[in-house]
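Below is one structure; the comments refer to it alone.
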Amino acid sequence: MQDIKTQLINILSLELAIPAEDIHTDSDFITDLQADSLDTANIILAVSTEFNINIPMQYATELDTVGKLLQLIESKKNIS
């Protein structure tokens, strides 16, 4: 079983068509990963489905880095 960070990076790699090795916890979705608002919505939906958690769309603007999204997933899964 993959850890949450690895799963998240794989989702981002698939959604953004970026090699997984180019995605890091400090990567900014807009400036580093070139994600737009549609990409962000798709990422939130994919993450919500994959981890069976609810992420309201209003979080989209607050989740500007991979690390922040990872922290949110871990908090919703009660894992630290």
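The values are calculated or read from the model by the stated rules, or taken from the named source; none is laboratory data. Since we're looking at a predicted model, the values are computed, not measured. All Cβ positions, glycine included, derive from the backbone under ideal geometry; neighbour counts span all protein chains shown. Side chains are part of the model used for accessible areas, which takes the heavy atoms of the whole protein and leaves out ligands, DNA and RNA. Shrake-Rupley method; radii C 1.70, N 1.55, O 1.52, S 1.80 Å.
Give me the number: length gained by fully extending residue 37 to residue 6, i.e. 0.36 nm times residue separation minus the C-alpha to C-alpha distance, one decimal in nm. The partial results should precede the final answer.
Working: separation 31, 0.36 × 31 = 11.16 nm, distance 2.31 nm.
Result: 8.9 nm gained on full extension.
State, to one decimal in nm, how far the label point of residue 17 lies from the label point of residue 57, with both points 7 Å from Cα in the Cβ direction.
2.4
Add -39500 (n - 2.57) for each DSSP H run of 4 or more in the chain, then divide by its residues: what number comes out at 222 nm, to the nearest 500 deg cm²/dmol?
Details: 3 runs with 39 residues, N = 80.
Result for the chain: -15500 deg cm²/dmol, rounded to the nearest 500.
Using protein chains only and a probe of 1.4 angstrom, how many square angstrom of residue 11 are accessible, to the nearest 10?
20
Using a Gaussian network model of the chain whose springs link C-alpha atoms within less than 10 Å, name the residue from 69, 38, 14 with the highest mean-square fluctuation.
Maximum among the listed residues: 38.
Would you list which aspartates and glutamates come within 14 Å of residue 5, measuring only between C-alpha atoms, while excluding same-chain residues fewer than 8 positions from it?
21, 22, 26, 50, 74
Assigning unit charges at the beta carbon (Lys, Arg +1; Asp, Glu -1) and nothing else, what dipole magnitude in debye, to the nearest 20, does the chain show about its Cα centre?
400
Give the Kirkwood hydrodynamic radius (Å, one decimal) of the chain, defined as one over the mean of 1/r across all pairs of different Cα atoms. Spell out each step's value before the answer.
Details: mean 1/r = 0.0807 Å⁻¹.
After inverting the pairwise mean of 1/r, the radius is 12.4 Å.
Would you pull out the residues with amide H under 5 Å of residue 65's amide H, same chain only if 5 or more places away, H placed 1.01 Å from N?
29
Residues with beta-carbon under 10 Å from that of residue 4, excluding residue 4: net charge, scoring Lys, Arg +1 and Asp, Glu -1? Intermediate values should be presented prior to the final figure.
Numbers: positive: 5, 77; negative: 3, 50, 74.
Result for the local shell: -1.
Can you give the local net charge around residue 13? Use residues other than it whose beta-carbon is closer than 12 angstrom to its beta-carbon, Lys and Arg +1, Asp and Glu -1. Write out the running numbers ahead of the final one.
Details: positive: none; negative: 15, 21, 22.
Around residue 13, the charge tally is -3.
In nm, give the distance between the simple-model label positions of residue 28 and residue 68, each being 7 Å from the Cα along the Cα-to-Cβ direction.
1.1
Can you give the local net charge around residue 54? Use residues other than it whose beta-carbon is closer than 13 angstrom to its beta-carbon, Lys and Arg +1, Asp and Glu -1.
Details: positive: 76, 77; negative: 50.
Net charge around residue 54: +1.
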